[in-house]
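Input: a single structure, listed below in structure tokens.
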Amino acid sequence: MKETIFIGKITAAMTHEMKNVLAIIRESSGLAEDLLGMCDESAFPYKDKFQKIMGKIENQVIRGAEIMAQLNEFSHVPEVERQSEDLNLVLNQIVILSKKLSRSNAVDFIVEQADMPVTSNSNPLTTRMLIFRILEFLAPVIGKGSEIRLKAVGCKIGNQGFSVTINAPVSNSFLLEKILAGPEWDALENEFKNHGASIGSSAGKDSLIVNFSQ
Amino acid sequence: MNDWKVLLVDDERDFALTLAERLGMRGIKVNTAFSGQEALDLLETYQPDVMVLDLMMPGMSGSTVLRKVRGLYPNIEVILLTGLSSTAEGASGVSQGAFDFLTKPLQIENLIEKIGLAVRKRSADEAGQEK
């Protein structure tokens, strides 16, 4: 635990530094845009192109700031053993921090916001690890262009979790049947069990349900 | 907007100087300080309407500067800047007397809007004191 707290502390400090880096990039690019705004089109023929470039820089600053914000919050997770938190926000955090995984497998991770907060009291680091684990398990096997949709579900008091629905070119039930029969599924089930959680298919066999013990 | 006087305090020199230049281009008079102590020294001779203050600075922290400014110059409104994603520290600053807070990287339009609101509050407070 000390080791993960240490990694978290370094990460938190560096996300703070990165936010300053992004702030300087935004202000410098903003100043360039301000100056460009004063230029006559005839005096500077590349004005349009430069403005497009500034727009791209701004988009990347927004992207970086969102990642840094989530990474900063994530870096503090190992500091607490138990914490009451909304699974909607946790799912959102992991999806943002898993963008590299989704891009490299050409699949989309989408969080469907539940109508109300779904409060989890599980170990926050384990919760995040298991959410990432299911994404890591499914992303390479569901096929390019597919979607993994996650939704927090309050199953019953003291037993919260989330559902995982896959939108793939082949039918969901066929795909799930194939995944559940695969050789790595048992290992995944055991991994969840070892962390006091469970994973299995829904009653309709069209999605997966993950439950966390409290 | 031309009458607004702002003191921008941030140890990130490139950030402070560039932001100051951009605010200046929009008609706001800006002075900069790169540490808490430098800001307090400057306040002995320069009284801004609003101080824009980074919370996380080496040496004297933004929170300490905020406390001193609230004690010595209660008419100066303080807007805090934080690089932290959590709004907890900014909110804690507001409970200690800051006017408001913004998270870096900030949008200049948001900062100008907050400076304007802070200037208006200062004017209203001063008018109230005169009555």
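Quick notes on this one:
- When every Cα-Cα distance of the stretch A:2-79 is counted in 10 angstrom steps from zero, the calculated P(r) takes the values 18, 34, 22, 15, 8, 3, 0 percent.
- Computed over the alpha-carbon pairs of chain B, the distance histogram in 10 Å steps reads 13, 49, 33, 4, 0 percent, short to long.
- Crossing angle, helix A:185-194 versus chain A [Cα axis fit, 0-90 degrees, rounded to tens]: 90 degrees
- Nearest 10 degrees, 0 to 90: helix A:172-181 Cα axis against chain A principal axis: 60 degrees
- Spin-label model, A:Leu36 to A:Asn167: label points 7 Å out along the Cα-to-beta-carbon direction sit 3.5 nm apart.
- Crossing angle, helix A:87-97 versus chain A [Cα axis fit, 0-90 degrees, rounded to tens]: 60 degrees
- The protein assembly as shown: translational diffusion in µm²/s, Stokes-Einstein, Kirkwood Rh over Cα pairs, 25 °C, 0.890 mPa s: 105 µm²/s
- Axial C-alpha extent at least 27 Å, average Kyte-Doolittle at least -0.5 - helices from chain B (DSSP): none
- Sites A:Phe132 and B:Arg67 - FRET efficiency at Förster radius 51 Å, r taken between beta-carbons, to 0.05: 0.75
- Comparing each chain alone with all protein chains together (probe 1.4 Å, DNA, RNA and ligands left out), the residues of the stretch A:15-44 losing at least 40 Å² of accessible area are A:His16, A:Lys19, A:Asn20, A:Ala23, A:Ile24, A:Arg26, A:Glu27, A:Leu31, A:Asp34.
- Per residue value of the accessible surface for the stretch A:1-132 (all protein chains in place, 1.4 Å probe), Å²: 56 Å²
- Ranked by how many other beta carbons lie within 10 Å on average, peptides B:117-130, A:197-210 from highest: A:197-210, B:117-130
- Counted over the protein assembly as shown, the DSSP beta bridges are approximately 50% antiparallel.
- Looking at the stretch B:30-109, the chymotrypsin sites (Phe, Trp or Tyr not before Pro) that sit in a DSSP loop and have at most 14 other Cβ atoms within 10 Å of their own Cβ are B:Tyr46.
- Neighbourhood charge, 14 Å Cβ-Cβ cut-off, centred on B:Ala33 and excluding it, Lys, Arg +1 and Asp, Glu -1: -4
- Chain A: calculated mean residue ellipticity at 222 nm from DSSP helix runs of at least 4, using -39500 (n - 2.57): -18500 deg cm²/dmol
- Relative contact order [Cα under 8 Å, 6+ residues apart], chain B, whole percent: 21 percent
- The residues of the stretch A:59-73 occluded by other protein chains by 20 Å² or more of accessible area, set against the chain on its own, are A:Asn72, A:Glu73; surface from heavy atoms, 1.4 Å probe.
- Cα-based radius of gyration of the stretch B:1-64 once divided by 2.2 N^0.38 Å, which approximates compact folds: 1.05
- For the chain pair B and A, buried accessible area totals roughly 1800 Å², probe 1.4 Å, rounded to the nearest 100.
- For the pair B:Arg26 and A:Ile5, a Förster radius of 56 Å applied to the C-beta separation gives a FRET efficiency near 0.80, rounded to the nearest 0.05.
- Cα-based Lys proximity count in the stretch A:85-212, under 18 Å, for pairs eight or more positions apart or on separate chains: 6
- Computed E for A:Ala106/A:Gln60 - FRET, C-beta separation, R0 25 angstrom, nearest 0.05: 0.75
- For the stretch A:80-214, DSSP calls about 85 percent of its internal beta bridges antiparallel.
- Calculated log₁₀ intensity ratio I(q)/I(0) where the Debye formula runs over C-alpha points of the stretch A:20-179, q = 0.14, 0.15, 0.17, 0.18 Å⁻¹: -0.82, -0.88, -1.01, -1.08
The values are calculated or read from the model by the stated rules, or taken from the named source; none is laboratory data. Note that this is a predicted model, so its numbers are computed, not measured. So basically every Cβ, Gly included, is an ideal-geometry build from the backbone, and we count neighbours across all protein chains shown. All accessible areas refer to the heavy atoms of the entire protein, side chains included, with ligands and DNA or RNA removed. Shrake-Rupley method; radii C 1.70, N 1.55, O 1.52, S 1.80 Å.
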